[in-house]
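This report concerns only the one structure given below.
The values are calculated or read from the model by the stated rules, or taken from the named source; none is laboratory data. The structure displayed is predicted, hence computed values, not measured ones. Methodologically, a virtual Cβ is constructed for each residue, glycine included, from the backbone with ideal geometry; neighbour enumeration extends over all protein chains shown. The area values use the complete protein model at the heavy-atom level, side chains included, leaving out ligands, DNA and RNA. Shrake-Rupley method; radii C 1.70, N 1.55, O 1.52, S 1.80 Å.
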Amino acid sequence: MRVIILAALLTIVTGFTTTHLPVGRVNVMKGLRAVNPAADLTGKVAFVAGVADSTGYGWAIAKKLADAGATIIVGTWPPVLKIFQIGLRKGDFDADSELSDGSKMEIAKIYPLDAVFDTPEDIPESVATNKRYAGLDGYTISEVAKSVEADYGKIDILVHSLANGPEVTKPLLETSRNGYLAASSASAYSYVSLLQHFAPIMNEGGSTLSLTYIASEKVIPGYGGGMSSAKAQLESDTRTLAYEAGRKHGIRVNTISAGPLKSRAASAIGKEPGQKKTFIEYAIDYSKANSPMAQDLYAEDVGNAGLFLCSDMARAVTGITMYVDNGLNTMGMALDAKSMEEA
């Protein structure tokens, strides 16, 4: 039934009949690209900043872009770069790399990237001499942009999948100035800097995308250290950057407010003393219990939304925050609250 409905919709939207759909083994992405050229990213280059494993939304978006034909290059935080490269060589991520046609996503190149530094002059001695950065150079945003330009010329898609708050486990009332500014630098300003340096090497009609969280506008206890403020900055900057980058470079700027996912980064928040579950486990359980769509949220769901926003299917969409959270953002009352229980 779903195949019939999809075929009918594609016929209505595109004018193609079902005879244009692939026969034999159905390849969903190739079928979609066949009837909707706007979904075809063949020949396009996508730089995804912040990929270091296969558990996060950055990987999921990269995978969907690859499935649509894009060449994938990534930026990885230097301290985890070697671990990521070893994992790729050992095949640790092979199962998570499979595309719709049975092939595996290929990462064409990995660039070391520390997005809290714009230029080499910004790097403090303590970082430059840190053993986790040993043997690496050219990892500031400006240097990576130049390297990408040297390797690929122009790119078409930029994905910001970066966030870090060194004091994320602290309430805002206990957050230091340095901790607060560090969260803003890594999680919000890094997107501004990426656009400053990558927009000039993007083809007109290109797309940029970041990832935000509902804590930008609602109180989420446990998501502290200035991270909620950083996400609010990110969303506000998205709107301003959409105007500025749209007029100056002809590119689109959007962000996805994704629901909770038990990624490596999210799991790092850990447990509070006396709690049975980690912050992200509480967030996932709460979301499923209270969302209009009482179902699990998968990284693939965000990947699909990312593909839409990065493709020409969304050529007229810019400056938005797209919610991919099973509708949790619409709710004003917790359905599983004790006050909702019958006496």
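Going by Cα centres, region 188-209 and region 131-164 are how many Å apart?
Centre-to-centre distance over Cα atoms comes out at 12 Å.
Find the accessible area per residue for region 91-227; the probe is 1.4 Å, ligands and nucleic acids are left out, and the unit is Å². Walk me through the numbers on the way to the answer.
Working: 6500 Å² over 137 residues.
Accessible surface, normalised per residue, equals 47 Å².
Show me, for region 84-99, the HN-Hα J-couplings you get by feeding each phi into the Karplus relation (A = 6.51, B = -1.76, C = 1.60, θ = phi - 60°), rounded to Hz, glycine and proline as x.
5, 5, 5, x, 5, 5, 6, x, 4, 10, 4, 4, 7, 9, 5, 9
Roughly how many whole Å is it from the C-alpha centroid of region 44-113 to that of region 287-330?
Answer, in whole Å: 21.
Which cross-chain or sequence-distant (5 or more) residues have an amide H under 5 Å from the amide H of V48, H modelled 1.01 Å from N in plane?
Those lying under 5 Å, H to H, from V48 are I73, V74, G75, V159.
Report the local net charge at I73: Lys and Arg +1, Asp and Glu -1, summed over other residues whose C-beta lies under 11 Å from its C-beta. Each step should come with its number before you reach the end.
Working: positive: K109; negative: E106, D151.
Combined, the nearby Lys, Arg, Asp and Glu give -1.
Please list, ordered by chain and number, the residues whose modelled amide H lies under 5 Å from the amide H of S210; skip anything fewer than 5 residues away on the same chain.
H160, N254, T255, I256
Quick one: what are the phi-derived ³J(HN,Hα) couplings along region 135-142, Karplus 6.51/-1.76/1.60 with θ = phi - 60°, whole Hz, x for glycine and proline?
Result, ordered by residue: x, 10, 8, x, 9, 7, 4, 5 Hz.
Karplus couplings for region 43-52 from phi (6.51 cos²θ - 1.76 cosθ + 1.60, θ = phi - 60°), rounded to Hz, Gly and Pro as x?
x, 9, 10, 10, 9, 10, 8, x, 9, 9
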